[in-house]
Amino acid sequence: MSGVHAHIADAIKAPDLVRLGANLYVARFETMKVYSTLVAVERLLASGRVQPGATLIDSSSGIYAYALALACHKFGLHCRIVGSKTVDRTLMTQLRILGATIEQVEPQATLKLDQSLRVARIHELLAADPSLHWMQQYHDDIHYDGYAPVAAAIADALGCEALSIVGGIGSGCSTGGLARALRERDDAVELIGVQPFGSLTFGCQHLEDPGIIIAGIGSSIPFRNVRHALYDQVHWVSFDYGLAGSVALLREHAVFAGLSTGCCYLVAAREAALHPERKLLFVAADTGHRYVDGVFAHYQDALDPRALAPTPIASLDELALPWSAMAWRRRDYAPAHPHSP
């Protein structure tokens, strides 16, 4: 029977492409990192870097943990996760039933402390058991490869001419992998990255968001997988503005997605209005379920996104809440603290 998948991971790995407006589209994932993780694990096994029955380990704030647990389940491997404080009870329960060993670091006041503590714990575990394979989603560029099939689907559906991709930067692999693959067809494909305030990746670590750091798209430690020279624009979006975008996306288009998606929708919708000649596709990395209490429960207080606009900046010195936008122009950038754990 055609269309029958051998494993649930294969059924949910690809995004649904939905048209939201004349030139506005969303690539809506159930959980974004499944595709790239399946490809990464398959290639690690094929190359012999990972042996059958091995244990894979990594740090995660949520989405990657689920993707790695699914990949390990499919390929008969063991999974170990050092989790962030943002891993909720629903996901924690799923991970444990899937057979993953998961521990959460103690809640920290900042993302920097949380990420640093998670990485330090992984080093402790590796020292105690060198047979563990650290997946290093932040640093191993094998995670780029899984986005090529997604890029091919986008190109087939929309074409690459006058195409702009908007997505949360995070580890750099999703937006970077899409851009790299799409630019093999058309180098003019535009990449717009979205960051939270407080993130080191594009030099905003000095500005903390009074709401909350947006888990998954920011960083307090350098990620080698972020290739700064791939990005044409960078937008920094606050929690309150991201909340407004998430609520508006559900209200106006019935798309229930996470907080980073709200940030991306805000940026993409504005770019689509400013540039009707271009096609704007933004990435919805996950569903909104784990954001019900922290985001959607406050829908009555959400700002009207039509009244929100970014402050254009020419240098990082001008960064300011709640929304800043900069023409990055595909240039390199070295974070102030180049050492990465």
*asked:* Every residue in the stretch 148-162 that is under 19 Å from residue 272 (Cβ atoms) and buried (at least 21 other Cβ atoms within 10 Å of the Cβ), please.
replied: 154
*Among the residues of the stretch 39-60, count how many are part of a loop (DSSP other than H, G, I, E, B) and either out of contact with any strand residue (DSSP E or B) (no Cβ under 8 Å at 6 or more places or on another chain) or not assigned by TED's automatic domain parsing to the domain that holds residue 85 (or both).*
3
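Filter the helices (runs of 4 or more DSSP H) completely within the stretch 61-158 down to those with at least 3 residues that are without any contact (Cβ under 8 Å) to a residue 24 or more places away in the chain.
The qualifying helices (runs of 4 or more DSSP H) are 89-97, 111-128.
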*Long-range neighbours under 6 Å by Cβ, at least six apart or interchain, first residue assigned by TED's automatic domain parsing to the domain that holds residue 264 within the stretch 198-223, second among the β-branched types (Val, Ile, Thr) and not in a loop (DSSP other than H, G, I, E, B)*: 202/234
*Subset of the stretch 24-38 (residues that are at pLDDT 95 or above and assigned to a helix (DSSP H, G or I))*: 34, 37, 38
*Quick one: residue 91 ticks every box in (1) over 20 Å from the mean Cα position of the chain (by Cα); (2) under 22 Å from residue 12 (Cα atoms) except a single one, so which number is it?*
(1)
*If you go through the stretch 8-23 one residue at a time, how many are part of a helix (DSSP H, G or I), in contact (Cβ under 8 Å) with a residue 24 or more places away in the chain and loosely packed, with under 15 Cβ neighbours inside 10 Å?*
1
*Failed item in (1) closer than 22 Å to residue 6 by Cα; (2) buried (at least 21 other Cβ atoms within 10 Å of the Cβ); (3) modelled with pLDDT of 95 or more, with residue 54 passing the rest*: (2)
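Going through the stretch 186-198 one residue at a time, which ones are farther than 12 Å from residue 168 by Cα, out of contact with any Pro (no Cβ under 9 Å at 6 or more places or on another chain) and either buried (at least 23 other Cβ atoms within 10 Å of the Cβ) or among the small types (Gly, Ala, Ser) (or both)? Reasoning before the result, please.
Taking the stretch 186-198 as the starting set, the residues that turn out to be farther than 12 Å from residue 168 by Cα are 186-190, 197-198.
In the following step, the residues that additionally are out of contact with any Pro (no Cβ under 9 Å at 6 or more places or on another chain) were identified as 186-190, 198.
Across the stretch 186-198, the qualifying residues are 188, 189, 198.
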*Enumeration of residues in the stretch 205-226 that are over 14 Å from the mean Cα position of the chain (by Cα) and within 21 Å of residue 179 (Cβ to Cβ)*: 222, 224
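Every residue, every condition in (1) in contact with a strand residue (DSSP E or B) (Cβ under 6 Å, 6 or more places away or on another chain); (2) at pLDDT 95 or above, yes or no:
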residue: 209; (1), (2): no, no
residue: 224; (1), (2): no, no
residue: 230; (1), (2): yes, yes
residue: 262; (1), (2): no, yes
*Hey, does the stretch 260-273 have a residue that's among the charged types (D, E, K, R) and closer than 27 Å to residue 153 by Cα?*
yes
*Lone unmet requirement of (1) of a type in the set (Ser, Thr, Tyr); (2) within 27 Å of residue 153 (Cα to Cα); (3) outside the structural domain of residue 270 (by TED's automatic domain parsing) for residue 25*: (3)
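The values are calculated or read from the model by the stated rules, or taken from the named source; none is laboratory data. Owing to the predicted nature of the structure, the values given are computational and were not obtained by experimental measurement. For neighbour counting, all protein chains shown are included, and Cβ atoms are generated from backbone atoms with ideal geometry for every residue, glycine included.
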